[in-house]
Amino acid sequence: MVAEEKTEGRAAPELAAETAGRRMVVLEDFKPVAFLDDDDRASAVRRYSTLFVVDGRTRKGGLGRVLYAENAWGDRLAVKVLTAEEGADLTEEEQQALASRREAAFRREYESSRLLTGIAGFPTLFGQGRTDGQPALIMEWVEGQTLEEARRRLSVDDDGRLSPLVAAAIGRDLFDLLSRMELVDGGLVHRDISPSNVMIRTQRTSVEEQAAQGKFDLVLVDFGSTVLPARASSLTVRYGAPQGATPDYAAPEMLTADVARVADMRKSPAVDVYAAASVVYLLLCGRPPFQLGGSSAGGEGAEVASDYLRKTTELPLPVRAAHSESADVTVALDREGEAVAAVRKALADERLSPSNQELKEALVCVDKRVGEVVLAALEPDQRHRPSAAEMREGLAGFVEAYPANVVAALQGEPLFQDWSFDERRKAGGFEARRRAGARLARWAAVVVALGLGCAAAALCSGVRVTAVGSLPCSLEWGFPLVAALALAPAAAGYLVRWRGGQKRSGLVRGSVALAVVAVAVEAFVLSATVDPAAMKGLLGAAPLACSSAAWCGMVLEYSMSAPSAWATAKRPAQGISGKGGSV
């Protein structure tokens, strides 16, 4: 900023010329954000109380509108003014309650901005006041473009996809901002991360230059929905419904109030991780990860599914990055410009001249890695999402290893980069669904075995066993004894296996115990003299049927809960031989 002394002596005509075409706004009750002594406070009041606003540069900003203003010292400022919101169907009392909630949210925005002032990647806050009776915040004006605007300039195809390398670099820098937020006052949660709330500062370098350099000057704005987990407990409310999250990017817990402990979930940094990953998905694929607002599977006329149900019961749309969707990969690379200069250099250094198809296959193989990282954060259960720091490291590793990995893929060698966070979570998320399926398989098997055992007991109840081998025996078997005989092998298998169903050793122990007891039961039935004799076959078949159902359940539980190969192993790249052609 220009020093105060340099402007105080400027002539009135000079100031009038500079402020022509602008309207003057006087802030009332201006309070600086920092503690100042009397002299400095008076200087700050003079500096920020009288501003010249250019209405043509007004932006929309969540709870209000953001005005571009300058003061007599030439500072570029953003004046965010809380605007009234009216609902035609609301009573006067409801209108007052709505206004009160909006003012409370505006105060939270001020508090959040105050805590983040001075941290790179967040606008500097100078103070607060009132204009035309409405609360106003005075911040630095961020000169730049939103991600939504920049995406159109950086896209490499007609569907709005960015180069996977550029998308990963933006994601890395975005998750870096989230990591810094987690360190502020016990953690700060934004709760409305979207392409319109992330800006690329262009005051020094253009968006294209930053893409070529592989590093972005990101600024996170609009903190009207933020929450300090230790202090706040509710979401901004509009007409009695939650507000403060853009559905295309919001975590599922931000889209419903009908979940236990949802208020606590909304205070977790995991909601920002989900939203930021959805933004990176948009940059990669040119569309959000879920198609919201339409009918669920079933075609025309099917029931419309809520956004929450879609995000918790459906998988994200397949990741289709620019290279996989390009008919001619060299055209896509040409559009990426300097962003892939390192890839071209790596190919030249290795003296590789792959054909277009071979290069496409190599790029697609490498690009899959960034898709795995992004999908890991789209897990419906926030407990299974990576942290912001883990996402940042995963995307940073992808960017750093990209040229070397393209060469490795072309040469049929394993890719160099492995992510820093847990392999199971890395595998695109949704492992929780696999575990839920395993539990369902187990209980389904238990129910089937019980059903078969009870059916056999009902049919065979009342049979008399008069001998077992050469030993005399005279016993009438009722329902409990027949059911116990039929279910004994299944019970033994599950008891011996106990909680080891997700491990191979548990499956082996359970199978062996089930088989041993089943053989013993069948030997007993075959050596017994049963009256009536016709029931002997049914009495022998019941344990076999129950054992088969129980064993199938064990196998299903193991196969569904065991990690998939691509979730637990480092996958070497598919061999691609370079045969002629040129890039």
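The values are calculated or read from the model by the stated rules, or taken from the named source; none is laboratory data. On a predicted model such as this, the values are computed, not experimentally measured, just so you know. Please note: Cβ atoms are built from the backbone with ideal geometry, for glycine as well, and neighbour counts cover all protein chains shown.
A few notes on this one:
- The one condition in (1) surrounded by fewer than 19 Cβ atoms within 10 Å (Cβ to Cβ); (2) not in a strand (DSSP E or B) that Arg47 fails to fulfil: (1)
- The lone criterion from (1) of a type in the set (S, T, N, Q); (2) surrounded by 22 or more Cβ atoms within 10 Å (Cβ to Cβ); (3) part of a helix (DSSP H, G or I) left unmet by Ser196 is number (2).
- Condition check for Val184 on (1) more than 28 Å from Asp367 (Cβ to Cβ); (2) at pLDDT 90 or above; (3) in contact with a helix residue (DSSP H, G or I) (Cβ under 7 Å, 6 or more places away or on another chain): one failure, at (2).
- Pairs where the first residue, in the stretch 212-231, is at pLDDT 90 or above and the second is surrounded by fewer than 17 Cβ atoms within 10 Å (Cβ to Cβ), C-beta under 8 Å, 6+ apart: Ala212/Gly337; Ala212/Glu338; Ala212/Ala341; Gln213/Thr205; Asp217/Arg204; Asp217/Thr205
- Selection from the stretch 199-211 of residues that are assigned to a helix (DSSP H, G or I) and in contact with a strand residue (DSSP E or B) (Cβ under 8 Å, 6 or more places away or on another chain): Val207, Gln210
- In the stretch 173-188, the residues that are buried (at least 24 other Cβ atoms within 10 Å of the Cβ) and in contact with a Lys or Arg (Cβ under 6 Å, 6 or more places away or on another chain): Phe175
- Failed item in (1) surrounded by fewer than 21 Cβ atoms within 10 Å (Cβ to Cβ); (2) in a helix (DSSP H, G or I), with Leu452 passing the rest: (1)
- Some residue of the stretch 338-355 being of a type outside the set (A, V, I, L, M, F, W, C), closer than 23 Å to Leu284 by Cα and surrounded by 21 or more Cβ atoms within 10 Å (Cβ to Cβ): no
- Residue in the stretch 162-179 that is more than 11 Å from Val280 (Cα to Cα), part of a helix (DSSP H, G or I), of a type in the set (Lys, Arg) and out of contact with any strand residue (DSSP E or B) (no Cβ under 6 Å at 6 or more places or on another chain) present: no
- Counting the residues of the stretch 400-418 that are surrounded by fewer than 24 Cβ atoms within 10 Å (Cβ to Cβ) and hydrophobic (A, V, I, L, M, F, W, C) gives 6.
- The lone exception for Pro135 - which of (1) assigned to a loop (DSSP other than H, G, I, E, B); (2) modelled with pLDDT of 85 or more; (3) of a type outside the set (Ser, Thr, Tyr) it fails: (1)
- Checking Pro135 against (1) over 26 Å from Phe398 (Cα atoms); (2) buried (at least 21 other Cβ atoms within 10 Å of the Cβ); (3) not assigned by TED's automatic domain parsing to the domain that holds Gln382, the condition it does not meet: (2)
- Hey, Arg383 assigned by TED's automatic domain parsing to the domain that holds Asp158 and either surrounded by fewer than 17 Cβ atoms within 10 Å (Cβ to Cβ) or of a type in the set (Phe, Trp, Tyr) (or both) or not: yes
- Arg310 being closer than 22 Å to Gly371 by Cα, touching a Cys at 6+ places or on another chain (Cβ under 6 Å) and modelled with pLDDT of 85 or more: no
- When we screen Met254, Met265 for residues that are modelled with pLDDT under 90, aliphatic (A, V, I, L, M) and either closer than 21 Å to Met181 by Cβ or crowded, with 19+ Cβ neighbours inside 10 Å (or both), the only hit is Met265.
- Taking the listed residues Ala346, Ala362, Ala341, Ala389, the one that is assigned to a helix (DSSP H, G or I), in contact with a helix residue (DSSP H, G or I) (Cβ under 8 Å, 6 or more places away or on another chain), closer than 21 Å to His190 by Cβ and touching a residue at least 24 places away in the same chain (Cβ under 8 Å) is Ala389, with no other qualifying.
- Checklist (1) surrounded by fewer than 21 Cβ atoms within 10 Å (Cβ to Cβ); (2) part of a helix (DSSP H, G or I); (3) modelled with pLDDT under 85 applied to Pro472, failing item: (2)
- The single condition among (1) in contact (Cβ under 8 Å) with a residue 24 or more places away in the chain; (2) in the same structural domain as Val399 (by TED's automatic domain parsing); (3) closer than 26 Å to Phe106 by Cα that Leu183 does not satisfy is (1).
- Options Ala104, Ala97, Ala3, Ala11; residue that is surrounded by fewer than 17 Cβ atoms within 10 Å (Cβ to Cβ), at pLDDT below 80, over 18 Å from Glu140 (Cα atoms) and not aromatic (Phe, Trp, Tyr): Ala11
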